[in-house]
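A short reminder: the numbers here are calculations on the coordinates, not readings from a lab. Note that the coordinates shown come from a computational prediction; the quantities given were computed from them, not determined experimentally. As a convention, Cβ positions derive from the backbone with ideal geometry for all residues, glycine included, and neighbour counts pool all protein chains shown.
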Amino acid sequence: MKRLTLLRHAKSSWDDPGLTDFDRPLNRRGERDAPAMGRRLRESGARPSLILSSTAVRALATARQVADALGYPREFLQTDAGLYLASAERLREIASLQDDTFRDIMIVAHNPGLTDFANAISDHPVDNLATAAVMVVDLPISRWEALADNPRGHCVLYDYPKNAEPPPHGVLQRVGA
């Protein structure tokens, strides 16, 4: 069993029209939501063994704040430029290339690819992963390369900042437990 956590970057700022899309930072709401979602993930029992982030400013800022809230060392956080605006197929490919010693991987990336990927691998369809939304999927695979076979997993957690009923404390069990 492998666990894949998909996290959309938090809300970004459009205040500076001179910035490229890649360089847009988090706005005030994003700065609030990213650590809050990290705390909610921690309280639900999330313990990723790898956090892999897009290199876009807003995604990396989200990943760092969530890592801090989870107690995940920032120096272990990895980036992949291929995650920037990646399609569902590219997200699947990147995830399938990860080392099998990682049982629980979090990917911080962008829509629309992230929502498409979530719908491709999960039994819980979503119309849209909102900013800072998270979906945790347990996959019936023992090797990440098996993602190429298009397995469908079980959504064990779906949460987002405006969720009026956040997940209960400790809802996530260890992968394979």
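Okay, here's what the table says:
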quantity	calculated
Other-chain or far-sequence residues with amide H under 5 Å of residue 153's (modelled H)	122, 123
Rounded to 5, percent antiparallel among DSSP beta bridges of the chain	50 percent
Residue order, fewest to most beta carbons within 10 Å, for 101, 115, 55, 62	101, 55, 115, 62
Burial ordering of 171, 108, 134, fewest other beta-carbon atoms within 10 Å first	171, 134, 108
Two-site FRET efficiency, residue 1 against residue 23, from Cβ-Cβ distance with R₀ of 45 Å, rounded to 0.05	0.75
Stretchable slack from residue 47 to residue 101, in nm (0.36 nm times residue separation minus alpha-carbon distance)	18.0 nm
Table column - 3J(HN,Hα) (Hz), the range 147-156, Karplus curve with 6.51, -1.76, 1.60, x for Gly and Pro	4, 4, 7, 6, x, 10, x, 9, 6, 9
Shape call, the range 23-74: gyration tensor on alpha carbons, a/c limit 1.5	oblate
The range 70-150 - percent relative contact order, Cα under 8 Å, separation 6 or more	35 percent
